[in-house]
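Report on one structure; see the data block that follows.
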Amino acid sequence: MSNLNTQMIEKYRNSFLREVEANVEEGEWVKMCMQCGVCSGSCPFGPHWEHPPQEIFMMIRAGKRDDVLTSDSMWMCTSCYNCIVRCPRGLPITHIMHGLAHYAHRLGLAPKENPTHKFAIKFWDNLTRTGRVNELKLGLALYFMNGFSEGIKTSLKMKDIGLGMWKTKRLSPMEIVGGHKCKDVSGLHKILAKAREIEESKAQKFSG
Amino acid sequence: MSDEMKIGAYICKGCGIGDRLNTQQMATIAEREAKANVVREHDYLCNADGVAMIQKDIDEEGVNRVAIIACSRRAKTEAFNFDGVAVIRGNIREGVIWVRPDTEEAQETTQEMAEDYTRMAVFEARYQTPPKPSGQAGRNPHLLVVGGGISGMTAAIEAAKAGYQVTLVEKEAELGGTAGKLFKRVPNAHPFKDPMDTGVEALKAAIEADDRITVHTSSTITKTSGAPGRFSVDITRESGETITENVGAIIQASGFKPYDANNLPELGYGKSPDVVTQIELEALAKAANGGPIKRPSDGKEVESVVFVQCAGQRSDKEGHLPYCSGFCCNASIKQAMYFKDANPNVDTVVLYTDLRTPGAGGEDFYRAGQEKGVIFTKGTVSEVETGGGLKVKFKDLILDEDTEAQPDLVVLATGTVPNSGVDIEEVPQNEPGEWESDPNSVLNLAYRQGKDLPLLKHGFNDSHFICFPYETRRTGIYTAGPVRRPMDIQQAIEDATGAALKSIQAIENAAQGRAAHPRSGDLSYPSFRKEGCTQCKRCTVECPFGAIDEDEERYPQFNESRCRRCGTCMGACPVRVISFENYSVDSVGQQIKNIEIPDEFDEKPRILVLACENDAYPALDMAAMKGIEYSAFARVIPVRCLGSVNTIWVTDALNTGYDGVVLMGCQKGENYQCHFVKGSEMAHYRMSKVDDTLEQLNLEKERVETYEVAITDVERAPKLINDMAETIEKIGMSPFKF
Amino acid sequence: MSEIVATNQTILVVGGGISGMTAALEAAECGKQVILLEKNPSLGGRVSQLYRYFPKMCHPTCGVEINYRRIKANRNLRVITMAEVASVSGDEGNYQVKVKISPRYVNENCTACGECSKAVEAEFDDEYNYGLGKRKGAYLPYAMAYPQRYVIDPRILGSDDAGKAKAACKYDAIDLEQQEQEVDLNVGAIIWATGWRPYDAAKIQPYGYDRIANVITSVEFERMADPYGPTGGKILRPSDGKEAKDIAFIQCAGSRDRNHLKHCSRICCMASLKQTHYVREKYGDDGKATIYYIDIRAIDRIDDFHRKVKEDPNVTFVKSKVASIVEDKATGNPVLRGVNTEGYHRYENPHDLVVLAVGMEPSVPADQFPADVTINEEGFIEPTSQGAIFAAGCSSDALDVNRAVQSATASALRAIQVVNRVAGMEG
């Protein structure tokens, strides 16, 4: 269990809702849910949820901290925005889902083997390295995520698409040796470090 | 209308009547047989020319009973609105040509039908006398309000603003009622976000400042006698000192008692001081006055509180309230805000099954509660444990699991019990001439039927009618606020304002001797022939409005302004001594007797239909508009209420040679639709006794049928008539044709 | 039209539904002079289009009949139909009101004999039945209409039908030359009782009201249940005319939803509970109803009714705001998708017919009030402390009939206070 997690448990003893409100993006909306369930019914990933959004909100209110933060539910969201559009109370459900996922990740509670969680980490690492997505490296990293032979199989399956992208100049084999980057990579890294600093100090400051 | 009778009969030929019927023949009957003084036919009676013709006869010929033989009394009513004369309608459009086929073979019976309606109209006109003032009318622009809570204070202020004098009586030493015990109230205006001032002090100040309002605190009503326009009320102070006030109308705003939470031991009430009711929490909030609320047991500042909704409500369990008290969801939100506004870190959870915050304000207030961080959990509470800290055990219905909370304080949203006085079904009234006031009664009415208003469901003094929430079974006495129905402050204020209007209306009606709705404006009045009266008391007992008392000699004592002119007394009277000037045993009986009864061998039976003017008669009219046919043997007479049907009409009809009688009244029983409450029920009861008469006459009991007919029974009402025709075909004609 | 007499002691009531009729009658029966304006050709308003009332299951036309009789008997009350307020100026105790009166093309001579209607051929959607049926170009708005006088639809003017209607009338009641009139009234107080309209169900996109034949609204369902309605009282599917025995009721269709109406419309829960009775009334044990709800708001003593319906084994309650409806092309059945939030149960339920319990929207849009009143975010008139324009009934909030009548009665007193003050009347 991460240090931050212990800190947070200590700090928001008994009130997971308040913890969410303080630390999760758009978390202050959770209390506004009236349990109509239209979000859960509208989600195209419907049947695959362990806990649909409205239930997650109720669990937060009921203080089910571990069940929520270790759930793979919020990693299911594909940002289709159906729920936001239909929510009669105007809850930014998609954002809350991502906020919860991010928070669970920060606390080290996100399900390790969840593919979208894994993808998110790889995508972030890939992107922040140069300030540009390295399509080739990202693709390969994903293909080989579940082992070498799996990776070979997937790569072969995807080779026509790769060739197509190469022909239309969407993908360069040269990316493998470094690839393109933004103008001021070190500047970007400073920005990201600062952002993290602000985020953490904000969480510290919130007295709940 | 002069007493010297002059009947004008006017037969219209419009709307196809002239094409279908021999109106000349009808005119002859009106003149020769029914002896109308003036008889005229007109191509189109309701136009300006036709109306002018009638008016001319009134002005120049002295016609004072106008029998218009044309369309239904429900049509063209305004056109035939003549001042100072009796207007009778013979219905040959909706009642004859529109319900009969336009065929040659039907012509004869259709014509007979129209001829009978001509006879009936003229005979009905003959038995009209001009309404005379009863001598009881009088204007007293002064009203009494019983109860000094928000409802009572509002009623007093609003009536005074319209220029009326008010006497306000409150049994406690202070005005304010339940609302006076509240810290704050649910907001009544946009943005519906925060609890607001109760407004009680402002109302008190307004009463103080208004010299039209006189207040008696620590006082109760020990006797109320009289009638609208002339009530006499004894107001007794705690000291026993009594004053008598004369008032024109009364508003009962006696409010509610909080439900006794001692009935809820399973929810910990009485076991721990930290389990309180909503009203008890108001006291804690008042003490805190915006600061942190402290729990009763040890004075610790409350850090977590659980509100249990529907505590002892919406439940059939013994000792619970079967209804929803309506205001408690919003009240709990408001109370949760007391905590949140003082300290946002206090945990406030509302456990509910259906959160009821209706209307525009309600939903806004619910959202405002959520914005302040109040948690709403759909769940049912099974138990509140009190040993060693509170433990609320509940089933979370969303997460579908049994769980518990351990708050510092539990608030039970218990409901309201109306403060409606004594149940007159249970508590008998003193005998005439004797009087003793009942300390449990609110009004101590000296009415023969009992000391308080009749109760409706669950002990509330409500109206039974959706369209007429101020309908009352004691004319001139109106209930307002939560004694009438569970309600919140906002609704109580509206309700009290409405009740003030109705009281003012009762005062103005009494001043003119006019009836209240549904027979609004009727100036006739029941009187009785003392010589014939056998003091059987049926009229006193059966009057749905408690309008009739008994004098010390046990004769009925009619109170005009309490009377609603339904005629239930007239229907009840076994010796037929009760009548109205414009509606009497004769005004209907003579219509029945004076139709043409064909010979038994003519195979033309006659069916008397007595149809309630409120629902059954309009249903028959609408059937006619739709072109639904019914038997040409029917003769339909509208009655004010089936309760006004005297069994003599039925026996007379059978003796005269009618072959069948159909009675159509409104729905009776628990969900009664009868506009006069008990009329239809009484009629059904009375007709169940007609069987004996039929037996004596040696007639089949199928010849008399009594039905409940709704205004929408457009298909069914004609069918019931046709059913009777079929029955007669089966069992044969009546032998009583002379 | 005969001259309209009004003074600053006259009370003007705008809107002739149950609230307006009540306010007008209650004031007139106190002896006040009252003018009642109605935009449509008949009084009656929304209640005249209902089959039954909750919780008594009685018929609204019953009370309407009583009120019409009170109107006919009261000479203090003047009814003007097809009339709308164009503007209001002045102040408490002295308002000048411009009233626009549309031509009916039928005058007081009409006997309601119906010959004009028989003569006319053109048919139009019947407003009384929310367009579910047709009516003629010369018509009586409904059987009980008040005034009991026919109307010529302006769309037949200039056609053969207009001439036929005129020729069929023996009473010189049809006047095709009638023009719009403008009348100025001086009144002391105004009661605003313009009521509500059903929220436009087509705006609730996922429910497919505009795409799926067997998705209808609660107000349409009322007409269907009424023996005087377009189906003669039979509950039939619009797609194929088959009996609809398994019916879904969707609550909060447009209410409690910031995408539509923010407020709770109060009546819809009870209305749907009532309508489950219609299903049982018509089909007995074969009739099934499912209510999809967020909270059942059967407030105060009418909760009895709710509890009785809950005991009915053929009525199912699902706590869920339905997410979407799709049509099963083979059967025409609407299929409801969503999640029952009591324990997370996903469903995909086909029904014969879906009834949307549509919300209550104020009839007059907030920016179209011809008078100076304070309107809240929901479009309802706020209680005012200045001036003498008083809201009655559903123009003040989403109310049931009982509360609307209460509100109307209260507003009658508020208006009387003003005119009594003008008259200098003291008790």
Mind listing the phi-derived Karplus ³J(HN,Hα) values for region B:129-142, rounded to whole Hz, using 6.51, -1.76 and 1.60 with θ = phi - 60°, and x for any glycine or proline?
-> 10, x, x, 10, x, 6, x, 8, 5, x, 9, 10, x, 9
Ellipticity estimate at 222 nm from DSSP helix runs (n ≥ 4, -39,500 (n - 2.57)) divided over chain B, nearest 500 = -8000 deg cm²/dmol
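Would you please name the GluC sites (Glu not before Pro) within region B:142-241 that are DSSP coil residues with at most 16 other C-beta atoms within 10 Å of their C-beta?
Answer in residue order: B:E172, B:E174, B:E238, B:E241.
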For chain A, what is the calculated [θ] at 222 nm in deg cm²/dmol (nearest 500), taking -39500 (n - 2.57) for each run of four or more DSSP H residues and dividing by its residue count?
-> -17000 deg cm²/dmol
The answer for the per residue Cα convex hull volume of region B:223-306, in Å³, is 190
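Taking every residue in B:492-499, how many Cβ atoms of other protein chains lie within 10 Å of its Cβ, on average? Provide the component values of the computation, followed by the final result.
Values: counts 0, 2, 11, 5, 3, 9, 11, 4.
What the average comes to for B:492-499 is 6.
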GluC sites (Glu not before Pro) within region B:1-78, DSSP loop, no more than 15 other Cβ atoms inside 10 Å | B:E4, B:E78
Descending Cα extents along the principal axes, chain B, whole Å | 96, 60, 52
Ordering B:H675, A:H48, C:H345, B:H142 by the accessible surface of their heavy atoms, 1.4 Å probe, largest first, yields A:H48, C:H345, B:H142, B:H675
Return the calculated 222 nm mean residue ellipticity for chain C, to the nearest 500 deg cm²/dmol, obtained by summing -39500 (n - 2.57) across DSSP H runs with n ≥ 4 and dividing by the residue count.
-> -7000 deg cm²/dmol
All aspartates and glutamates inside 15 Å of C:K321 as judged from Cα atoms, apart from same-chain residues fewer than 8 positions distant | A:E55, B:D354, C:D257, C:D295, C:E342, C:E348
Once you measure Cβ to Cβ distances between cysteines in chain C, which Cys have no partner under 4.7 Å?
-> C:C30, C:C58, C:C62, C:C110, C:C116, C:C169, C:C252, C:C264, C:C268, C:C269, C:C394
A:D67 - accessible surface, heavy atoms, 1.4 Å probe, Å² rounded to 10 | 80
At a probe radius of 1.4 Å, what is the per-residue accessible area of C:L36, in Å² to the nearest 10?
-> 0
List the residues of region A:49-88 whose backbone N lies under 16 Å from a point placed 7 Å from the Cα of C:E348 along the Cα-to-Cβ direction.
-> A:49
When the solvent-accessible surface of protein heavy atoms is calculated with a 1.4 angstrom probe, in what order do B:T214, B:T277 fall, highest first?
-> B:T214, B:T277
Kindly list the residues of region C:8-43 that lie in the label zone of C:Q181, defined by a backbone N under 14 Å from the point 7 Å along the Cα-to-C-beta vector.
-> C:36-38
Could you give me the ³J(HN,Hα) list for region B:310-316, computed from phi with Karplus coefficients 6.51, -1.76, 1.60 and θ = phi - 60°, whole Hz, x at Gly and Pro?
-> 6, 6, x, 10, 6, 9, 8
24 Å Cα-Cα reach of B:K393 towards lysines, excluding residues that sit fewer than 8 places from it in its own chain = A:K31, A:K64, B:K271, B:K294, B:K300, B:K317, B:K334, B:K340, B:K378, C:K319
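Could you state how much accessible area is buried at the B-C interface, both sides summed, with a 1.4 Å probe, in Å² to the nearest 100?
Rounded to the nearest hundred, the buried surface is 7900 Å².
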Shielded residues, region B:438-474 - accessible-area loss of 50 Å² or more between chain alone and all protein chains, probe 1.4 Å = B:I466, B:C467, B:F468
How many nm is it between the label spots at C:T7 and A:V133, if each spot is 7 Å from the Cα in line with the beta carbon?
-> 8.2
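Do me a favour and compute the ellipsoid semi-axes for the protein assembly as shown from its Cα gyration tensor, root of five times each eigenvalue, largest one first, whole Å.
Values: eigenvalues 825, 307, 162 Å².
Semi-axes (√(5λ), whole Å): 64, 39, 28.
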Could you work out, residue by residue across C:345-355, how many beta carbons of other chains sit within 10 Å of that residue's beta carbon, and then give the average as an integer?
-> 1
Stretch gain in nm, segment B:K35-B:R139, where the contour uses 0.36 nm per residue and the Cα spacing is subtracted | 33.2 nm
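Averaged per residue, what accessible area in Å² does chain B show with a 1.4 Å probe, protein chains only?
Working: 26180 Å² over 738 residues.
Spelled out: the 1.4 Å probe surface of chain B, per residue, equals 35 Å².
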Built amide H within the under 5 Å cut-off of C:G233, gap 5+ = C:D226
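For a Förster distance of 60 Å, can you work out the FRET efficiency between the beta-carbons of A:L4 and B:K271, rounded to the nearest 0.05?
With a Förster radius of 60 Å, E is 0.90.
Antiparallel DSSP bridges in the protein assembly as shown: what percent, to the nearest 5? Show your work: numbers first, answer last.
On the way: 72 of 173 bridges.
Taking every DSSP beta bridge with both residues in the protein assembly as shown, the antiparallel ones total about 40 percent.
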Simple SL model, points at 7 angstrom along Cα→Cβ for C:D312 and C:D210; separation in nm is 3.3
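Between rounded, prolate and oblate, where does region B:424-472 land on the alpha carbon gyration tensor, with a ≥ b ≥ c its root eigenvalues, rounded for a/c under 1.5, else prolate if a/b exceeds b/c? If you can, show how the numbers build up before the last one.
Details: a/c = 2.78, a/b = 2.27, b/c = 1.23.
Prolate is the answer for region B:424-472, as a/c is 1.5 or above and a/b outweighs b/c.
What does DSSP give for region B:300-458 in terms of the percent of beta bridges that are antiparallel, rounded to the nearest 5? Provide the component values of the computation, followed by the final result.
On the way: 12 of 26 bridges.
In region B:300-458, DSSP labels about 45 percent of beta bridges as antiparallel.
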List the lysines whose alpha-carbon lies under 19 Å from that of B:K530, not counting same-chain residues fewer than 8 positions away?
-> B:K132
In square nanometres, what is one fourth of the surface area of the convex hull spanned by the alpha carbons of region C:115-168?
-> 3.5
Beta bridges by DSSP in chain B, antiparallel share as percent, to the nearest 5 | 35
Quote the FRET efficiency, to the nearest 0.05, computed for C:K234 versus C:D125 with a Förster distance R0 of 25 Å and r equal to the Cβ-Cβ distance.
-> 0.80
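What does the charge count around B:S218 come to, taking other residues whose C-beta lies under 12 Å from its C-beta (Lys +1, Arg +1, Asp -1, Glu -1)?
Numbers: positive: B:K171, B:R237; negative: B:E170, B:E172, B:E174, B:E238, B:E241.
Computed value for this residue: -3.
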Find how many whole Å separate the alpha carbon centroid of region A:170-204 from the alpha carbon centroid of region B:170-216.
-> 64
Taking 30 Å² as the minimum loss, tell me which residues in region C:288-310 lose that much accessible area going from the chain by itself to the full protein complex (1.4 Å probe).
-> C:I294, C:D295, C:I296, C:R297, C:I299, C:D300, C:R301, C:D303, C:D304, C:R307
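Could you calculate the FRET efficiency of B:D59 with B:N440 from 1/(1 + (r/R0)^6), where r is the beta carbon distance between them and R0 is 35 Å, rounded to 0.05? Don't skip to the answer; put the middle values down first.
Numbers: r = 60 Å, r/R0 = 1.72.
FRET efficiency, B:D59 to B:N440: 0.05.
Gain in length, B:K457 to B:T534, computed as 0.36 nm per residue apart minus the alpha-carbon separation, to one decimal in nm? Can you show the working numbers first?
Details: separation 77, 0.36 × 77 = 27.72 nm, distance 3.54 nm.
Full extension from B:K457 to B:T534 adds 24.2 nm.
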Among B:88-95, A:15-22, B:47-54, how do they line up from the highest to the lowest mean number of other beta-carbon atoms within 10 Å?
-> B:88-95, A:15-22, B:47-54
Residue-by-residue Karplus 3J(HN,Hα) for region A:112-119, coefficients 6.51, -1.76, 1.60, Hz, glycine and proline x = 4, 8, 6, x, 6, 4, 4, 4
The set of residues whose placed amide H lies less than 5 Å from the amide H of B:I251, leaving out same-chain residues fewer than 5 positions away, is B:L144, B:V145, B:V146, B:Y478
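Kirkwood-based Rg over Rh for region A:115-194 (C-alpha set), two decimals? Don't skip to the answer; put the middle values down first.
Working: Rg = 14.0 Å, Rh = 13.7 Å.
Result: Rg/Rh = 1.02.
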Lone Cys, chain A, Cβ cut-off 4.7 Å -> A:C33, A:C36, A:C43, A:C77, A:C80, A:C87, A:C182
For C:90-97, C:244-251, ranked highest to lowest by mean beta-carbon neighbours within 10 Å, the order is C:244-251, C:90-97
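To the nearest whole percent, what portion of all C-alpha pairs in region B:1-130 is separated by more than 17 angstrom?
Of all Cα-Cα pairs in region B:1-130, 52 percent lie more than 17 Å apart.
Count, for each residue of C:114-120, the Cβ atoms from other chains sitting within 10 Å of its Cβ, then give me the mean as a whole number.
On the way: counts 5, 2, 0, 0, 0, 0, 0.
Shielding by partners across C:114-120 averages 1.
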Specify whether the C-alpha gyration tensor of chain C places it in the rounded, prolate or oblate class, a ≥ b ≥ c being the square roots of the eigenvalues: rounded for a/c under 1.5, otherwise prolate if a/b is larger than b/c and oblate if not.
-> oblate
In region B:597-738, lysine pairs with alpha-carbon atoms under 15 angstrom apart (chain gap of 8 or more, or interchain) | 6
Kindly provide the trypsin sites (Lys or Arg not before Pro) of region B:137-239 that DSSP labels as loop, not H, G, I, E or B, and whose Cβ sees at most 16 other Cβ atoms within 10 Å.
-> B:R139, B:K193
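The values are calculated or read from the model by the stated rules, or taken from the named source; none is laboratory data. Remember, it's a predicted structure, so these values are computed and weren't measured experimentally. Every residue, glycine as well, gets a Cβ built from its backbone with ideal geometry; the counts of neighbours run over all protein chains shown. When the accessible area is computed, the model is the full protein with side chains, heavy atoms only, and any ligands, DNA or RNA have been set aside. Shrake-Rupley method; radii C 1.70, N 1.55, O 1.52, S 1.80 Å.
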